[in-house]
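Structure first, commentary second.
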Amino acid sequence: MTILPCMKHTSPVALVTGANKGIGKEIARVLATRGFTVLVGSRDLARGEAAARDMAGDARALQLDVTRADSIAAAAARIREELGRLDVLVNNAGIARTSTDGTPASLDNILRESAPSRAPLALVRAVFETNVFGVIAVTQALLPLLREAPAARVVNVSSSLGSLTRISAPDVPHRRVGGVAYAPSKTALNAVTVAFAQELEDTAIKVNAACPGYTATDLNDHSGTRTVAEAARRPVELALLGPDGPTGTLSSDAGPVPW
Ligand code: NAP
């Protein structure tokens, strides 16, 4: 039997992790209106399928739990087999807490649970597993496809809580909320962004981090003051960067954010 090589999909392909709801769903929705075939990453396939159905354009659910090596490998294999290309990777999936006791994800609860003096190491590890190690693992698994694209873009959805400059300023609201888990995980994600950007600086791939701003989603029990449409703006711009765009940066839709 002759095995035919996979034909490359004709439209550019974008994968957004954690795209079944919140900011990731909006990033995916917008990219699908910009001519991308969008893979709606979701650790629960049915929730990803429901989200994809809400989107105009070519949006397809892809089972992907960024903390599971088997799920990452299966997702990468499926993209290679079914589409043969990947042009944009948005590492959006993220968590701020692990509580399953039904208490709301209010800023007070996040702050209390991740207080440096008493946060359980299991919480810190779980937050890093998703927000940092998950990004490294997913990016590594997909880099072979991204390298084959003419000008791939990687966007890491970070947070201004990961900016040591910002959270050290006494007048910044909520500066302590990320405690010893969420905020340090985003600081590490910023460093991971720079590391990937530097290794890839001789390629056409650009790797940048975006701060969506304080946005009303399940992550913060919808206490955020921005809409998902506003939050998705900078990640989408970074996904669509032209050849003269930057790499290895951290920014929001208001401009550069200090490290
Ligand atoms: P959200 O509504 O809670 O959405 C988070 C998404 O990540 C969900 O789809 C969730 O899937 C997914 N996810 C969590 N763990 C995952 C895993 N192991 N594998 C795959 N997907 C996983 O929160 P959001 O506010 O949209 O957050 C999106 C990103 O923006 C995060 O990186 C967050 O840190 C960042 N951010 C948010 C704010 C804000 O104010 N909201 C501010 C700055 C940065 P499930 O539905 O399965 O849980």
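Say whether the condition of being under 19 Å from S71 (Cβ atoms), in contact (Cβ under 8 Å) with a residue 12 or more places away in the chain, open to solvent by less than 70 Å² (accessible area, probe 1.4 Å) and aliphatic (A, V, I, L, M) is met by at least one residue in the stretch 96-110. For the stretch 96-110, residues under 19 Å from S71 (Cβ atoms), in contact (Cβ under 8 Å) with a residue 12 or more places away in the chain, open to solvent by less than 70 Å² (accessible area, probe 1.4 Å) and aliphatic (A, V, I, L, M): absent. A count restricted to the stretch 145-166 and to residues that are free of Cβ contacts under 8 Å to residues at least 40 places away in the same chain and away from the ligand (no atom under 14 Å from the Cβ) stands at 0.
None of A183, A231, A209 is touching an Asp or Glu at 6+ places or on another chain (Cβ under 9 Å), open to solvent by less than 30 Å² (accessible area, probe 1.4 Å) and within 11 Å of the ligand (Cβ to nearest atom) except A231.
So which residues in the stretch 98-127 are within 12 Å of the ligand (Cβ to nearest atom), at pLDDT below 95 and not β-branched (V, I, T), if there are any at all? Explain how you work it out, then say what you get.
Looking only at the stretch 98-127, we keep the residues that are within 12 Å of the ligand (Cβ to nearest atom), and these are 98, 100, 105, 107, 110, 126-127.
Keeping just the survivors that are at pLDDT below 95 gives 98, 100, 105, 107, 110.
A105, L107, listed by residue number.
Yes/no matrix, rows are residues, columns are (1) of a type outside the set (F, W, Y); (2) near the ligand (Cβ under 10 Å from one of its atoms); (3) out of contact with any helix residue (DSSP H, G or I) (no Cβ under 6 Å at 6 or more places or on another chain):
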{"site": "G18", "(1), (2), (3)": "yes, yes, no"}
{"site": "R47", "(1), (2), (3)": "yes, yes, yes"}
{"site": "E82", "(1), (2), (3)": "yes, no, yes"}
{"site": "R85", "(1), (2), (3)": "yes, no, yes"}
{"site": "V88", "(1), (2), (3)": "yes, no, no"}
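For first residues located in the stretch 191-211 and of a type in the set (F, W, Y), partners that are open to solvent by 20 Å² or more (accessible area, probe 1.4 Å) and lie 6+ apart or on another chain with Cβ distances below 6 Å do not occur.
Residue pairs whose Cβ atoms lie under 6 Å apart, sitting 6 or more positions apart in sequence or on different chains, and linking a residue in the stretch 128-142 that is modelled with pLDDT of 95 or more to a partner that is outside any helix (DSSP H, G or I) and more than 9 Å from the ligand (Cβ to nearest atom), are L142/L86; L142/L89. When each of E82, E113 is tested for being buried (at least 17 other Cβ atoms within 10 Å of the Cβ), of a type outside the set (A, V, I, L, M) and over 19 Å from the mean Cα position of the chain (by Cα), the lone residue that passes is E113. Find the residue count for the stretch 229-256, including only residues that are touching a Gly at 6+ places or on another chain (Cβ under 9 Å) and not in a helix (DSSP H, G or I). Final tally of qualifying residues: 4. Considering only residues in the stretch 28-45 that are within 9 Å of the ligand (Cβ to nearest atom) and surrounded by 16 or more Cβ atoms within 10 Å (Cβ to Cβ), the one that is nearest to A232 (Cα to Cα) turns out to be G41.
As for the stretch 152-166, it holds no residue that is assigned to a helix (DSSP H, G or I) and within 25 Å of L39 (Cα to Cα). Does R68 meet the test of being of a type outside the set (G, A, S) and either near the ligand (Cβ under 9 Å from one of its atoms) or within 13 Å of the chain's Cα centre (by Cα) (or both)? Judged against the criteria, R68 is a match.
The values are calculated or read from the model by the stated rules, or taken from the named source; none is laboratory data. Computed from a predicted model, the values in this text were never measured in an experiment. Cβ sites come from the backbone with ideal geometry, for glycine too, and all protein chains shown count toward neighbours. Side chains included, ligands, DNA and RNA excluded: accessible areas come from the protein's heavy atoms. Shrake-Rupley method; radii C 1.70, N 1.55, O 1.52, S 1.80 Å.
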